[in-house]
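Single-structure report; data block below.
The values are calculated or read from the model by the stated rules, or taken from the named source; none is laboratory data. None of these values were measured; they are calculated from a predicted model. Here the Cβ positions follow ideal geometry from the backbone for every residue, glycine too, while neighbour counts run over all protein chains shown.
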Amino acid sequence: SSPADGSQTCSLGEYCALAECTIANCDTCSSDGATCTTCAGNLINAGTECLTEAEAFADWSVPTLFGSFVGMATPSGFQALQTGYANGGDDKSKAVEMAAQAFLSQFQDNFDLILVTPYSPQTGTYNSGEFWGASGLGSSTTLRGIININMYGDGTTSIPLMHEIGHTWGVFLPESIAPNQTFFSHWGFTALDKQGQLGGYARSGVTCQSPSGLTPTQAQGCTTNVLLFAKDAGSPSTSSDNVGAYSVLELMMMGLKTSADLSGEEMVYCEYPGTFAEDTDHYIVTCNQIVVSTAAELEAALSDASKATRLSSGAVLRVASVVLFPDEVDIPSNLTGDLLWWKEYLEAMPALFKAATYDAAELNFQITNADLKSGASPSPGSLSGP
């Protein structure tokens, strides 16, 4: 335990005092005192300062509505996103969170997810898709999470949006089911009914080295801890919309199926040792242990926090797509190129998501004047789109 003076244990075991939090209107700071983690009241957390909405969003334009997405121009916000793509970590999360809060400052609390995207493809080491839980952000009682996806651009056939949406519910497994997870929030080297949106492998492509060709079950396991994962049967952590339907275990985590619906369904988890061998067609993994769990065991092991986020069959998730521009002059009156592609992609996504959940849930990207807060108004003439 920490000593009475409130100091914390440092990385080498010695005690170190927390740095003084001197940021005005900040309730709690990081351990070094350099950034704010929680601002007082409804102030906006800008990292090194806590600001009012007027201060935080002084250079953000009024929203421009394009039906399936909203355009907002902000020199500071766009630069912050570019810096986030270069540096990752807090720089990226803070930039995306600020964009979400800018949206919430103009729109009512009607949305489950906020999707932040730059208006054109951006380079950077950390420009891949990412999800952050966002319960309570900006005093929202509805928001579940924030997603950032780069603008992939006209001609792209698939992006990992259903993957990032899936992170709202998973993969969050207890140690009893999946000990020592190394692919946090993804399935890793796990056998499911099919490749999931959050990774994993189709059970048909996962077999024991001995007995050769056997897929382990609770009734019959492997005689060694070596599993063969067919390279074309999945991935530890990556996917795209092209994967198609969610795994039935992902749907169970989402609340769209129950273990009673999945009698006989099992998950084969390989505790990954950090390395693997391979041949032409397989990854060959010597698991630290192989754990086979039923759907009922998995559902029973879900945390109360995970259960609280589950959906009901027939749920409609509202997603606000916010496209960031560096300047108001960059917001077009008619959509072409990447922006037209983005609009058409979002308009096609509800049908793909409905099919991926076996008609159990839907997405709605439409944003209208009715969603605006009292006193807020969109840019004139912006609703016509292309």
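Of all the residues in region 273-303, those that are of a type in the set (Val, Ile, Thr), free of Cβ contacts under 8 Å to residues at least 12 places away in the same chain and assigned to a strand (DSSP E or B) number 0.
Just one of the listed residues (Leu143, Leu192) is closer than 20 Å to Thr238 by Cβ, over 11 Å from the mean Cα position of the chain (by Cα) and of a type outside the set (Lys, Arg), and it is Leu192.
For region 193-214, residues that are more than 15 Å from Asn288 (Cα to Cα) and out of contact with any helix residue (DSSP H, G or I) (no Cβ under 6 Å at 6 or more places or on another chain) total 12.
None of Ser321, Ser306, Ser312 is under 27 Å from Ser135 (Cβ atoms), under 24 Å from the mean Cα position of the chain (by Cα) and part of a loop (DSSP other than H, G, I, E, B) except Ser312. Would you call Gly136 surrounded by fewer than 17 Cβ atoms within 10 Å (Cβ to Cβ) and either over 25 Å from Asp327 (Cβ atoms) or in the same structural domain as Phe353 (by TED's automatic domain parsing) (or both)? Here the answer is yes, as Gly136 does meet what is asked. Output the residue which, of all residues in region 223-272 that are assigned to a loop (DSSP other than H, G, I, E, B) and over 24 Å from Glu297 (Cα atoms), is farthest from the chain's Cα centre (by Cα). For region 223-272, the residue satisfying everything is Gly244.
Restricting region 67-109 to residues that are under 19 Å from the mean Cα position of the chain (by Cα) and assigned to a loop (DSSP other than H, G, I, E, B), the residue that is farthest from Met151 (Cα to Cα) is Gly88. Taken over region 310-333, the criterion of being buried (at least 19 other Cβ atoms within 10 Å of the Cβ) and among the hydroxyl-bearing types (Ser, Thr, Tyr) is satisfied by Ser321 alone. Every test in (1) free of Cβ contacts under 8 Å to residues at least 60 places away in the same chain; (2) of a type outside the set (Phe, Trp, Tyr); (3) assigned by TED's automatic domain parsing to the domain that holds Leu317 is passed by Gly196 save one, and that test is (3). Take Asn150 and decide whether it is touching a Ser or Thr at 6+ places or on another chain (Cβ under 9 Å), closer than 30 Å to Phe365 by Cα and surrounded by fewer than 22 Cβ atoms within 10 Å (Cβ to Cβ). Yes; evaluated as a whole, the condition is true for this residue. Scanning region 342-369 for residues that are aromatic (Phe, Trp, Tyr), in a loop (DSSP other than H, G, I, E, B) and either under 20 Å from the mean Cα position of the chain (by Cα) or buried (at least 19 other Cβ atoms within 10 Å of the Cβ) (or both) yields a single hit, Phe365.
Among the residues of region 157-189 satisfying the criterion of being of a type in the set (S, T, N, Q) and touching a helix residue (DSSP H, G or I) at 6+ places or on another chain (Cβ under 9 Å), which is nearest to Val243 (Cα to Cα)? Here the answer is Ser158. For beta carbons closer than 8 Å, sequence separation of 6+ or different chains, a first residue in region 69-98 that is of a type in the set (Lys, Arg) and a second that is in a strand (DSSP E or B) and surrounded by 16 or more Cβ atoms within 10 Å (Cβ to Cβ), the qualifying pairs are Lys92/Glu130; Lys92/Asn148; Lys94/Asn45. Screening Ser374 with (1) in a loop (DSSP other than H, G, I, E, B); (2) crowded, with 16+ Cβ neighbours inside 10 Å gives one miss only, at (2).
Looking only at residues of region 24-39 that are part of a loop (DSSP other than H, G, I, E, B) and hydrophobic (A, V, I, L, M, F, W, C), we find that the one that is farthest from Gln101 (Cα to Cα) is Ala34.
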